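The values are calculated or read from the model by the stated rules, or taken from the named source; none is laboratory data. Because the structure is a prediction, the values reported are computed rather than measured. Heads up: the accessible areas ignore ligands, DNA and RNA and are worked out on the full protein's heavy atoms, side chains in. Shrake-Rupley method; radii C 1.70, N 1.55, O 1.52, S 1.80 Å.
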Amino acid sequence: MTNKSISIGLVAALIAAMAALGAWHHTHEALEEARLQLISNELQPIAGVLQENQALIRELQAEPFREEDSGILESYLAKIRRDGVAKHADMKQLLDTLAENNTAIVTLIKAYAPHSKTAAFGTEADKFRDYASAWRDRWNSVMEQFMAGGNYASSGMPFPKDFPAAVDAEIAAAK
(Lines give C-alpha, C1' and ligand atoms only; values in the text may rest on other atoms or scores of the structure.)
Protein backbone atom coordinates (compact mmCIF):
# COMPACT_ATOMS: atom_id res chain seq x y z
CA MET A 1 0.00 0.00 0.00
CA THR A 2 2.86 2.39 0.70
CA ASN A 3 4.34 1.82 -2.77
CA LYS A 4 0.92 2.42 -4.31
CA SER A 5 0.52 5.68 -2.31
CA ILE A 6 4.00 6.78 -3.33
CA SER A 7 3.26 6.00 -6.99
CA ILE A 8 0.00 7.93 -6.87
CA GLY A 9 1.80 10.83 -5.17
CA LEU A 10 4.54 10.81 -7.82
CA VAL A 11 1.98 10.73 -10.64
CA ALA A 12 0.07 13.60 -9.01
CA ALA A 13 3.32 15.56 -8.57
CA LEU A 14 4.25 14.89 -12.20
CA ILE A 15 0.82 16.06 -13.38
CA ALA A 16 1.11 19.20 -11.23
CA ALA A 17 4.62 19.88 -12.60
CA MET A 18 3.39 19.46 -16.17
CA ALA A 19 0.45 21.80 -15.50
CA ALA A 20 2.80 24.38 -13.97
CA LEU A 21 5.15 24.08 -16.94
CA GLY A 22 2.22 24.56 -19.33
CA ALA A 23 1.02 27.61 -17.40
CA TRP A 24 4.55 29.07 -17.41
CA HIS A 25 4.87 28.47 -21.15
CA HIS A 26 1.51 30.13 -21.80
CA THR A 27 2.48 33.14 -19.67
CA HIS A 28 5.88 33.36 -21.37
CA GLU A 29 4.23 33.32 -24.81
CA ALA A 30 1.75 36.01 -23.75
CA LEU A 31 4.57 38.23 -22.47
CA GLU A 32 6.53 37.69 -25.68
CA GLU A 33 3.51 38.67 -27.75
CA ALA A 34 2.94 41.78 -25.61
CA ARG A 35 6.62 42.77 -26.02
CA LEU A 36 6.41 42.35 -29.79
CA GLN A 37 3.23 44.43 -29.87
CA LEU A 38 4.98 47.24 -27.96
CA ILE A 39 7.75 47.23 -30.53
CA SER A 40 5.45 47.15 -33.55
CA ASN A 41 2.73 49.45 -32.17
CA GLU A 42 4.86 52.10 -30.46
CA LEU A 43 8.61 51.95 -31.01
CA GLN A 44 8.70 51.23 -34.73
CA PRO A 45 6.08 53.92 -35.47
CA ILE A 46 8.20 56.42 -33.50
CA ALA A 47 11.21 55.51 -35.65
CA GLY A 48 9.15 55.77 -38.84
CA VAL A 49 7.66 59.16 -38.00
CA LEU A 50 11.10 60.45 -36.97
CA GLN A 51 12.41 59.48 -40.40
CA GLU A 52 9.46 61.21 -42.05
CA ASN A 53 10.14 64.33 -39.97
CA GLN A 54 13.80 64.35 -40.95
CA ALA A 55 12.76 64.21 -44.62
CA LEU A 56 10.29 67.06 -44.07
CA ILE A 57 12.92 69.16 -42.33
CA ARG A 58 15.44 68.57 -45.13
CA GLU A 59 12.78 69.60 -47.65
CA LEU A 60 11.86 72.71 -45.66
CA GLN A 61 15.53 73.70 -45.34
CA ALA A 62 16.03 73.55 -49.12
CA GLU A 63 14.82 75.65 -52.02
CA PRO A 64 12.16 76.89 -52.61
CA PHE A 65 11.31 77.05 -48.90
CA ARG A 66 14.58 78.29 -47.45
CA GLU A 67 15.27 81.94 -46.72
CA GLU A 68 18.87 83.03 -46.24
CA ASP A 69 20.09 82.80 -42.61
CA SER A 70 16.66 81.76 -41.31
CA GLY A 71 15.20 78.71 -39.68
CA ILE A 72 12.14 76.92 -40.99
CA LEU A 73 9.53 78.97 -39.15
CA GLU A 74 11.42 82.22 -39.67
CA SER A 75 11.53 81.44 -43.42
CA TYR A 76 7.79 80.80 -43.51
CA LEU A 77 7.07 84.03 -41.67
CA ALA A 78 9.29 86.01 -44.06
CA LYS A 79 7.66 84.39 -47.10
CA ILE A 80 4.07 85.05 -46.03
CA ARG A 81 4.95 88.64 -45.19
CA ARG A 82 6.51 89.16 -48.59
CA ASP A 83 4.15 87.12 -50.80
CA GLY A 84 0.99 86.52 -48.78
CA VAL A 85 -0.28 83.45 -46.98
CA ALA A 86 -2.05 81.85 -49.94
CA LYS A 87 1.12 81.72 -52.02
CA HIS A 88 2.82 79.46 -49.45
CA ALA A 89 0.06 76.96 -48.75
CA ASP A 90 2.41 74.12 -49.75
CA MET A 91 4.93 75.15 -47.09
CA LYS A 92 2.17 75.52 -44.51
CA GLN A 93 0.98 72.00 -45.29
CA LEU A 94 4.49 70.62 -44.70
CA LEU A 95 4.77 72.56 -41.44
CA ASP A 96 1.34 71.30 -40.33
CA THR A 97 2.46 67.73 -41.06
CA LEU A 98 5.61 68.27 -39.03
CA ALA A 99 3.56 69.58 -36.09
CA GLU A 100 1.11 66.66 -36.32
CA ASN A 101 3.99 64.17 -36.50
CA ASN A 102 5.58 65.66 -33.39
CA THR A 103 2.26 65.27 -31.56
CA ALA A 104 2.01 61.64 -32.70
CA ILE A 105 5.55 60.92 -31.49
CA VAL A 106 4.83 62.45 -28.09
CA THR A 107 1.66 60.34 -27.81
CA LEU A 108 3.61 57.18 -28.66
CA ILE A 109 6.34 58.11 -26.18
CA LYS A 110 3.77 58.50 -23.42
CA ALA A 111 2.26 55.11 -24.24
CA TYR A 112 5.64 53.37 -24.36
CA ALA A 113 7.51 55.15 -21.52
CA PRO A 114 6.39 52.80 -18.69
CA HIS A 115 7.92 49.89 -20.63
CA SER A 116 11.24 51.55 -21.42
CA LYS A 117 14.29 49.30 -21.20
CA THR A 118 17.11 51.85 -21.53
CA ALA A 119 17.89 55.00 -19.58
CA ALA A 120 18.90 56.78 -22.79
CA PHE A 121 15.41 56.39 -24.20
CA GLY A 122 13.82 58.07 -21.19
CA THR A 123 16.32 60.93 -21.22
CA GLU A 124 16.08 61.55 -24.95
CA ALA A 125 12.29 61.11 -24.95
CA ASP A 126 12.05 63.88 -22.33
CA LYS A 127 14.21 66.10 -24.55
CA PHE A 128 11.98 65.34 -27.53
CA ARG A 129 8.82 66.18 -25.57
CA ASP A 130 10.34 69.53 -24.60
CA TYR A 131 11.40 70.15 -28.20
CA ALA A 132 7.97 69.20 -29.59
CA SER A 133 6.20 71.44 -27.08
CA ALA A 134 8.43 74.42 -27.85
CA TRP A 135 8.14 73.82 -31.61
CA ARG A 136 4.34 73.58 -31.38
CA ASP A 137 4.19 76.82 -29.42
CA ARG A 138 6.35 78.59 -32.01
CA TRP A 139 4.30 77.16 -34.89
CA ASN A 140 1.03 78.13 -33.23
CA SER A 141 2.26 81.70 -32.83
CA VAL A 142 3.14 82.25 -36.50
CA MET A 143 -0.05 84.14 -37.27
CA GLU A 144 0.27 86.24 -34.12
CA GLN A 145 3.81 87.18 -35.17
CA PHE A 146 2.56 87.88 -38.70
CA MET A 147 -0.31 90.10 -37.56
CA ALA A 148 1.77 91.93 -34.96
CA GLY A 149 4.70 92.45 -37.32
CA GLY A 150 7.00 90.69 -34.89
CA ASN A 151 9.81 88.27 -35.50
CA TYR A 152 10.95 85.07 -33.89
CA ALA A 153 13.97 84.94 -31.66
CA SER A 154 16.89 83.78 -33.75
CA SER A 155 17.08 80.37 -32.13
CA GLY A 156 14.40 77.88 -31.37
CA MET A 157 14.75 74.77 -29.26
CA PRO A 158 17.18 72.43 -31.04
CA PHE A 159 16.04 69.00 -32.17
CA PRO A 160 17.38 66.36 -29.75
CA LYS A 161 19.85 64.80 -32.19
CA ASP A 162 20.40 61.67 -30.07
CA PHE A 163 16.72 60.73 -29.91
CA PRO A 164 16.61 58.65 -33.13
CA ALA A 165 19.63 56.60 -31.93
CA ALA A 166 17.98 56.15 -28.52
CA VAL A 167 14.82 54.84 -30.24
CA ASP A 168 16.91 52.39 -32.29
CA ALA A 169 18.74 51.24 -29.14
CA GLU A 170 15.41 50.79 -27.36
CA ILE A 171 14.08 48.67 -30.22
CA ALA A 172 17.20 46.50 -30.05
CA ALA A 173 16.94 46.18 -26.25
CA ALA A 174 13.24 45.32 -26.43
CA LYS A 175 13.85 42.48 -28.90
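Within the chain, what is the number of lysine pairs with alpha carbons under 28 Å apart, leaving out pairs fewer than eight places apart on the same chain?
15
Counting only protein heavy atoms and using a 1.4 Å probe, what share of the accessible area of the chain belongs to carbon plus sulfur, as a whole percent? Can you show the working numbers first?
Details: 6170 of 10580 Å².
Taking all protein chains in place, the chain shows 58 percent carbon and sulfur surface.
Give me the percent relative contact order of the chain, please, defined on Cα pairs under 8 angstrom at least 6 residues apart.
On the way: 116 pairs, mean separation 50.2, N = 175.
Relative contact order for the chain comes out at 29 percent.
What area, in nm² and to one decimal, does the C-alpha convex hull of segment 80-175 cast on average over all directions? Don't jump to the answer; show the numbers that get you there.
Working: hull surface 28.4 nm².
Quarter of the Cα hull surface area: 7.1 nm².
Output the relative contact order of segment 74-174, whole-number percent, from Cα pairs under 8 angstrom with separation of 6+ residues.
Details: 61 pairs, mean separation 35.6, N = 101.
Contact order relative to length: 35 percent.
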